[in-house]
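Notes for the one structure printed next.
The values are calculated or read from the model by the stated rules, or taken from the named source; none is laboratory data. Since the structure is predicted, the reported quantities are computational estimates derived from the model, not experimental observations. Using ideal geometry, Cβ is built from the backbone for each residue, glycine included, and neighbour counts are taken over all protein chains shown. Areas reflect the complete protein model, heavy atoms only, side chains present, ligands, DNA and RNA absent. Shrake-Rupley method; radii C 1.70, N 1.55, O 1.52, S 1.80 Å.
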Amino acid sequence: MVKMEVTRHTGPLPSVETYEGYERVCPGAAREILDMAVRQQGHNHEMERYAAQSDFWLPVIGIIAAVFTIGLMFSAGIYLAFNGHENLAIGVLSGAGLVTVAGAFLRAESQRSLKLLNLRGPAKN
């Protein structure tokens, strides 16, 4: 007859028995392991905070850049029209560039929305 014992542990810190074993073999190791876990938790919190701030500020910066680009293109079209380049001004003001900028922005926003929906999982009825 064979007796088998399986122990399973999950978590950032080792089990109490393993923790005591580290301390016995290398005095001070238990404190170092605990300090390492605390540092890792602080790092995780910092990364989550950074991700949350990025999720807010990146779309805002994108909107500002799009508005600035559209304003710049509109100004360039007006400048060209008043300086004898009517045909070029028509091309700039006709919307080819505006549509490109607006389309890229809308595509990025729709992809972001789809990503958020996928992270939430399937809808529950």
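Below are the figures for this structure:
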| item | result |
| --- | --- |
| Whole-number Å³ per residue for the convex hull built on Cα positions in the stretch 30-85 | 62 |
| Packing-based order for 52-59, 68-75, using average beta carbon neighbours within 10 Å, highest first | 68-75, 52-59 |
| Accessible surface, 1.4 Å probe, highest first, among residues 32, 48 | 48, 32 |
| Mean-position separation - Cα centroids, the stretch 1-24 and the stretch 41-82, in angstrom | 50 |
| Ratio Rg/Rh, restricted to the stretch 1-60 and using Cα atoms, in which Rh is the Kirkwood radius | 1.29 |
| Estimated distance in nm for a label pair at residue 49 and residue 5, the labels positioned 7 Å out from Cα along Cα-to-Cβ | 4.4 |
